[in-house]
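Worksheet: one structure, shown below.
The values are calculated or read from the model by the stated rules, or taken from the named source; none is laboratory data. It should be emphasised that the depicted structure is a prediction, and the values quoted were computed from it without experimental measurement. Cβ placement follows ideal geometry from the backbone for every residue including glycine, while neighbour counts extend to all protein chains displayed. Side chains are part of the model used for accessible areas, which takes the heavy atoms of the whole protein and leaves out ligands, DNA and RNA. Shrake-Rupley method; radii C 1.70, N 1.55, O 1.52, S 1.80 Å.
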Amino acid sequence: MDAFFASEDIADSPAFRHLDSIAGIRVDLRYASVNNFVGRDLYSPFDCAWLHVQAAEALERVVAWLAARRPDLTVLVLDALRPQRVQQQLWDALEGTGLRLYLADPARGSIHSYGMALDLTLLDAAGHELDMGTGFDDMTELSHPALEEGFLLAGRLTEAQVANRRLLREAMLAAGFLAIRTEWWHFDCGDRDLVRKTFRRVL
């Protein structure tokens, strides 16, 4: 499909749910602040605290999974819907850096721009982020789930850090999300190719 609609129209669309409607989570959208690798708010004046209804339902399953198994932990959403215009700004910011492997080419479309991807971490009972070995948007190989075992053996990641990542993945995969090889914090809700074919992208 890959028809488009504007960020301004999201609030009136039954295909999206606001993050405020999802109980049991906390939200800190990093691209709506200066706390990101670009160093500026990329979302204002638009409200980007939205997910496609399918992803929102899957996130509710994550919350239920944690409530049953680790009630001391809380999901912290770091990014949800990321409009195409913002994806383009991130892409442009990394021009010539060799780091674009950490972003989807805007020409193809980030799954975030369909409201079908989440960036997130976990908070402990005191509200502190669990130690995952790197921060959000750390663009180094240390962030790669595919390389964790090697970094563990080399002493560059600790057992506790890898266990925290595995716990996050377990919760997300149990709810139907898919992990990727390069970012411990990123999860897709469904197959990327299918999403691009059947969902509408937000500009």
Please say if region 108-203 is rounded, prolate or oblate, where rounded means a/c under 1.5 for a ≥ b ≥ c the square roots of the C-alpha gyration tensor eigenvalues, and otherwise the choice is prolate for a/b larger than b/c and oblate otherwise?
prolate
Please report the spacing between the Cα centers of region 109-177 and region 1-63 in Å, no decimals.
20
Taking protein heavy atoms only, a 1.4 Å probe, and rounding to whole percent, the accessible area of region 1-91 owed to carbon and sulfur comes out at 51
Contact order relative to length of region 124-203, as percent, for alpha carbon pairs under 8 angstrom and 6 or more apart:
26
Taking only C-alpha pairs under 8 Å that are 6+ residues apart, what is the relative contact order of region 1-137 in percent?
26
Pairs of Cα atoms under 8 Å, at least six residues apart: use those to get the relative contact order of region 60-127, whole percent.
48
With +1 on each Lys and Arg Cβ and -1 on each Asp and Glu Cβ, and nothing else charged, work out how big the dipole of region 1-128 is about its Cα centre, in Debye to the nearest 20.
340
At a temperature of 10 °C and a viscosity of 1.306 mPa s, determine how fast the chain diffuses translationally according to Stokes-Einstein, using the Kirkwood radius over alpha-carbon pairs as Rh; express D in µm²/s, rounded to the nearest whole number.
92
Considering only P14, P83, P71, give the residue with the highest GNM mean-square fluctuation for the chain, with springs between Cα atoms whenever their separation is below 10 Å.
P14
Compute and list, largest first, the equivalent-ellipsoid semi-axes of region 145-189 from the alpha carbon gyration tensor, each √(5λ) rounded to a whole angstrom.
21, 11, 6
Per residue accessible area of the chain, 1.4 Å probe, in Å²:
45
Residues other than G176 with Cβ under 12 Å of its Cβ, Lys/Arg counted +1 and Asp/Glu -1, net out at -3
For the chain, whose charge dipole is built from +1 on Lys and Arg Cβ atoms and -1 on Asp and Glu Cβ atoms, the candidate among A125, L90, A179 with its Cα farthest towards the positive end is A179
